[in-house]
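Down below is the structure, laid out as C-alpha coordinates.
The values are calculated or read from the model by the stated rules, or taken from the named source; none is laboratory data. Predicted model only: the values in this text are computed from it and were never measured. Every residue, glycine as well, gets a Cβ built from its backbone with ideal geometry; the counts of neighbours run over all protein chains shown. Note: areas computed on protein heavy atoms with side chains; ligands, DNA, RNA excluded. Shrake-Rupley method; radii C 1.70, N 1.55, O 1.52, S 1.80 Å.
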Amino acid sequence: SGPRGEGETWGRVTMTKLAQWLWGLAILGSTWVALTTGALGLELPLSCQEVLWPLPAYLLVSAGCYALGTVGYRVATFHDCEDAARELQSQIQEARADLARRGLRF
(Lines give C-alpha, C1' and ligand atoms only; values in the text may rest on other atoms or scores of the structure.)
Protein backbone atom coordinates (compact mmCIF):
# COMPACT_ATOMS: atom_id res chain seq x y z
CA SER A 1 0.00 0.00 0.00
CA GLY A 2 1.35 3.39 -1.02
CA PRO A 3 1.09 6.75 0.68
CA ARG A 4 -2.18 8.63 0.57
CA GLY A 5 -2.84 10.65 -2.51
CA GLU A 6 -1.50 8.15 -5.03
CA GLY A 7 -4.98 7.23 -6.15
CA GLU A 8 -4.97 3.67 -4.82
CA THR A 9 -8.34 2.49 -3.63
CA TRP A 10 -7.94 -1.04 -2.23
CA GLY A 11 -11.64 -1.40 -1.54
CA ARG A 12 -12.19 2.24 -0.65
CA VAL A 13 -13.53 4.98 -2.82
CA THR A 14 -11.24 7.97 -2.99
CA MET A 15 -12.90 11.32 -3.53
CA THR A 16 -11.26 14.32 -5.04
CA LYS A 17 -11.52 17.63 -3.25
CA LEU A 18 -13.94 18.82 -5.93
CA ALA A 19 -16.21 15.83 -5.30
CA GLN A 20 -16.12 16.51 -1.56
CA TRP A 21 -17.10 20.16 -2.09
CA LEU A 22 -19.86 19.21 -4.53
CA TRP A 23 -21.29 16.64 -2.09
CA GLY A 24 -21.20 19.20 0.72
CA LEU A 25 -22.92 21.82 -1.43
CA ALA A 26 -25.53 19.29 -2.54
CA ILE A 27 -26.31 18.34 1.06
CA LEU A 28 -26.46 21.97 2.22
CA GLY A 29 -28.52 22.99 -0.80
CA SER A 30 -31.03 20.16 -0.44
CA THR A 31 -31.36 20.90 3.28
CA TRP A 32 -31.94 24.59 2.53
CA VAL A 33 -34.56 23.78 -0.12
CA ALA A 34 -36.31 21.32 2.20
CA LEU A 35 -36.43 23.85 5.03
CA THR A 36 -37.53 26.82 2.93
CA THR A 37 -40.23 24.97 1.01
CA GLY A 38 -41.61 23.15 4.03
CA ALA A 39 -40.99 19.75 2.46
CA LEU A 40 -40.15 18.26 5.87
CA GLY A 41 -43.45 19.38 7.38
CA LEU A 42 -41.71 21.69 9.85
CA GLU A 43 -43.31 25.02 10.58
CA LEU A 44 -40.40 27.34 11.27
CA PRO A 45 -40.89 30.60 13.16
CA LEU A 46 -40.87 33.77 11.07
CA SER A 47 -37.51 34.86 12.53
CA CYS A 48 -35.88 31.61 11.33
CA GLN A 49 -37.45 31.99 7.88
CA GLU A 50 -36.12 35.55 7.60
CA VAL A 51 -32.60 34.27 8.28
CA LEU A 52 -32.97 31.15 6.14
CA TRP A 53 -34.02 32.78 2.85
CA PRO A 54 -30.93 34.98 2.26
CA LEU A 55 -28.54 32.38 3.74
CA PRO A 56 -27.11 31.22 0.35
CA ALA A 57 -26.22 34.82 -0.53
CA TYR A 58 -24.51 35.29 2.83
CA LEU A 59 -22.57 32.06 2.37
CA LEU A 60 -21.51 33.05 -1.15
CA VAL A 61 -20.27 36.46 0.01
CA SER A 62 -18.46 34.83 2.95
CA ALA A 63 -16.79 32.29 0.65
CA GLY A 64 -15.69 35.09 -1.68
CA CYS A 65 -14.22 37.09 1.22
CA TYR A 66 -12.41 34.00 2.47
CA ALA A 67 -11.00 33.30 -1.00
CA LEU A 68 -9.80 36.89 -1.43
CA GLY A 69 -8.26 36.90 2.02
CA THR A 70 -6.48 33.61 1.38
CA VAL A 71 -5.08 34.77 -1.96
CA GLY A 72 -3.98 38.08 -0.43
CA TYR A 73 -2.27 36.34 2.47
CA ARG A 74 -0.48 33.88 0.18
CA VAL A 75 0.73 36.70 -2.08
CA ALA A 76 1.91 38.73 0.91
CA THR A 77 3.84 35.81 2.43
CA PHE A 78 5.26 34.44 -0.85
CA HIS A 79 8.90 33.51 -0.40
CA ASP A 80 11.55 34.11 -3.03
CA CYS A 81 13.65 31.06 -3.82
CA GLU A 82 17.04 32.68 -4.34
CA ASP A 83 18.95 29.39 -4.39
CA ALA A 84 16.63 27.96 -7.03
CA ALA A 85 16.91 31.17 -9.06
CA ARG A 86 20.72 30.97 -9.01
CA GLU A 87 20.60 27.29 -10.00
CA LEU A 88 18.22 28.06 -12.87
CA GLN A 89 20.46 30.90 -14.09
CA SER A 90 23.49 28.59 -14.09
CA GLN A 91 21.54 25.95 -16.03
CA ILE A 92 20.53 28.61 -18.57
CA GLN A 93 24.18 29.62 -18.97
CA GLU A 94 25.18 25.98 -19.44
CA ALA A 95 22.48 25.49 -22.06
CA ARG A 96 23.56 28.64 -23.91
CA ALA A 97 27.19 27.51 -23.88
CA ASP A 98 26.19 24.08 -25.18
CA LEU A 99 24.07 25.61 -27.95
CA ALA A 100 26.88 28.02 -28.84
CA ARG A 101 29.26 25.03 -29.19
CA ARG A 102 26.74 23.52 -31.60
CA GLY A 103 26.73 26.66 -33.73
CA LEU A 104 23.63 28.51 -32.56
CA ARG A 105 24.08 32.29 -32.25
CA PHE A 106 22.22 34.46 -29.74
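Worth a mention:
- Estimated from the Cβ-Cβ distance and a Förster radius of 35 angstrom, the FRET efficiency linking V13 and D83 is about 0.25.
- Shown for the chain: the carbon plus sulfur share of the solvent-accessible area, taken with all protein chains present and a 1.4 angstrom probe, equals 65%.
- Working from label points 7 Å from Cα in the Cα-to-Cβ sense, the R101 to L55 distance is 6.9 nm.
- Using θ = phi - 60° and Karplus 6.51 cos²θ - 1.76 cosθ + 1.60, couplings along the range 85-92 (whole Hz; Gly, Pro as x): 5, 5, 4, 5, 4, 5, 5, 5
- Near-label residues of the range 57-94 by backbone N, under 14 Å of a point 7 Å along Cα→Cβ of L28: 57-67
- Helix 17-37 axis, angle to the chain major axis (alpha carbon atoms, nearest 10°): 20
- When you filter the trypsin sites (Lys or Arg not before Pro) in the range 74-106 for DSSP loop state and at most 14 other Cβ atoms inside 10 Å of their Cβ, you are left with R102, R105.
- For the range 33-106, a Kirkwood radius taken over Cα pairs fed into Stokes-Einstein (4 °C, viscosity 1.567 mPa s) yields D = 71 µm²/s.
- Per residue accessible area of the chain, 1.4 Å probe, in Å²: 92
- Loop sites in the range 7-105: chymotrypsin sites (Phe, Trp or Tyr not before Pro), DSSP, at most 10 other Cβ within 10 Å: W10, F78
- Farthest toward positive dipole pole in the chain [+1 Lys/Arg, -1 Asp/Glu at C-beta], among S90, A76, L104: L104
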